[in-house]
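In what follows, a structure is listed as structure tokens, so that the remarks can point back to it.
The values are calculated or read from the model by the stated rules, or taken from the named source; none is laboratory data. As the structure is a prediction and not an experimental result, all values here were calculated from the model. No Cβ is skipped: glycine too gets one built from the backbone with ideal geometry, and neighbour counts run over all protein chains shown. The area values use the complete protein model at the heavy-atom level, side chains included, leaving out ligands, DNA and RNA. Shrake-Rupley method; radii C 1.70, N 1.55, O 1.52, S 1.80 Å.
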Amino acid sequence: MEILKVQNLSKTYGTGESAVHALRDVSFTVTKGEFAAIVGESGSGKSTLLNCIGGLDDPTSGKVYLNDQDLFSMKEQQRTVFRRRNIGFVFQSFQLIPELNVEQNIMFPLLLDHQRPDKKAVNEILDMLGLTERRRHLPSQLSGGQQQRVAIGRALITKPMLILADEPTGNLDSRSSRDVMDLLTAASRRYSQTILMITHNTNLTSSVDRVLRVSDGVLTDLGGTHNEKLS
């Protein structure tokens, strides 16, 4: 079942000779439960692609469908609510609320949407992330790797159709990076969670289902994760 469909997506900044073509006619699909990675060098267009898929940036042309719903046919307020309920984000910079503890940060998307958190679901996520004993800790009392685990929990709690992970290991050491990748993989398998991750580090793609590469705004589907395809 297709969860995400990107169709002829283009993004151009500026006009005339100074125009920058960040995305060039990008098309691909992601199926339910798939963990896909988009690789590419800095400035290749992968962050622009993720922002357009998440409805954070408007494309110059093209379509993004999430569960057959056209993201950019929605009015801005409608898209904001749809994004909050159906897309989870994991950012490189964690973006936790410093005044809230681990449990509160994880539950925050539900509270923002005036929903009552399911304590059993919260406890299950805390257990999977290895954060049960730190549920009352503030972000300032956590390591970088632990903060990113909280961010993953926050993305999972709404049971979104899609999680977008933007360089989720970019601020972490190699051990914490591997832990985060293991957790994302476990979430994909345990909850049939669809995940689209961008990274410049091809060493982190060994556990994903499919790799896409963006270069100069052009996307190439590399298929399954094989080292020879990434070299």
Suppose R0 equals 35 Å; then what is the FRET efficiency for S27 and L100 from their Cβ-Cβ distance, rounded to the nearest 0.05?
0.35
Simple spin-label estimate for L138/K63, 7 Å along Cα→Cβ, in nm, reads 4.9 nm
Could you work out the relative contact order of segment 76-231, using alpha carbon pairs under 8 angstrom and six or more residues apart, expressed as a whole percent?
24 percent
What list of ³J(HN,Hα) values in whole Hz, one per residue of segment 132-147 in order, does the Karplus curve 6.51 cos²θ - 1.76 cosθ + 1.60 (θ = phi - 60°) give from phi, with Gly and Pro shown as x?
4, 6, 10, 4, 9, 7, 7, x, 5, 9, 10, 6, x, x, 5, 4
Qualifying trypsin sites (Lys or Arg not before Pro) for segment 1-108 [loop in DSSP, other Cβ within 10 Å: at most 10]
K75
Binned at 10 Å starting from 0, the alpha-carbon pair-distance distribution of segment 1-40 in whole percents comes out as 25, 40, 24, 10, 1
Most positive-pole-ward Cα, H114, G224, L100, against dipole of the chain from beta carbon charges:
H114
Per GNM of the chain with C-alpha springs under 10 angstrom, the most fluctuating residue out of L112, L156, L49 is L112
Helix 102-112 versus the longest principal axis of the chain: what is the Cα-based angle in degrees, 0 to 90, to the nearest 10?
60 degrees
In whole percent, what relative contact order does segment 13-88 give with Cα contacts below 8 Å and a gap of six or more residues?
18 percent
HN-Hα couplings for segment 122-130 via Karplus (6.51, -1.76, 1.60; θ = phi - 60°), in whole Hz with x for Gly/Pro, come out as 4, 4, 5, 5, 4, 5, 4, 7, x
Considering only protein heavy atoms, with the full assembly of protein chains and a 1.4 angstrom probe, order H200, H114, H21 by accessible area, largest first.
H114, H200, H21
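Just subtract the alpha-carbon distance of K119 and A19 from 0.36 nm times their residue separation and send over the number in nm, one decimal.
Numbers: separation 100, 0.36 × 100 = 36.00 nm, distance 5.03 nm.
Length gained, K119 through A19: 31.0 nm.
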Among N51, S206, V90, which residue has its Cα furthest toward the positive end of the charge dipole of the chain, with +1 on Lys/Arg Cβ and -1 on Asp/Glu Cβ?
V90
Kirkwood calc, segment 141-225, C-alpha pairs only, radius in angstrom 13.6 Å
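Just subtract the alpha-carbon distance of F72 and S42 from 0.36 nm times their residue separation and send over the number in nm, one decimal.
Numbers: separation 30, 0.36 × 30 = 10.80 nm, distance 2.63 nm.
Roughly 8.2 nm would be gained on extension.
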Accessible solvent surface per residue of the chain, calculated while the other protein chains remain in place, 1.4 angstrom probe, Å²:
49 Å²
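With a sphere of radius 12 Å drawn around the Cβ of H21, what net charge do the other residues whose Cβ falls strictly inside it have (Lys, Arg +1; Asp, Glu -1)?
On the way: positive: K11, R24; negative: D25, D216.
Charge balance near H21 sits at 0.
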Rg from C-alpha atoms of segment 22-64, normalised by the globular rule of thumb 2.2 N^0.38 Å, equals 1.18
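Would you work out what percent of the accessible area of segment 1-137, with all protein chains in place, is carbon or sulfur (probe 1.4 Å)? Mind dumping the intermediate values first?
On the way: 3340 of 7340 Å².
Here it works out to 45 percent.
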Quick one: give the max-minus-min coordinate of the C-alpha atoms of the chain along each principal axis, largest first, in Å.
54, 43, 35
Residue-wise HN-Hα coupling along segment 159-170, computed from phi with Karplus coefficients 6.51, -1.76, 1.60 (Hz; x: Gly, Pro)
6, x, 5, 8, 10, 9, 10, 9, 6, x, 10, x
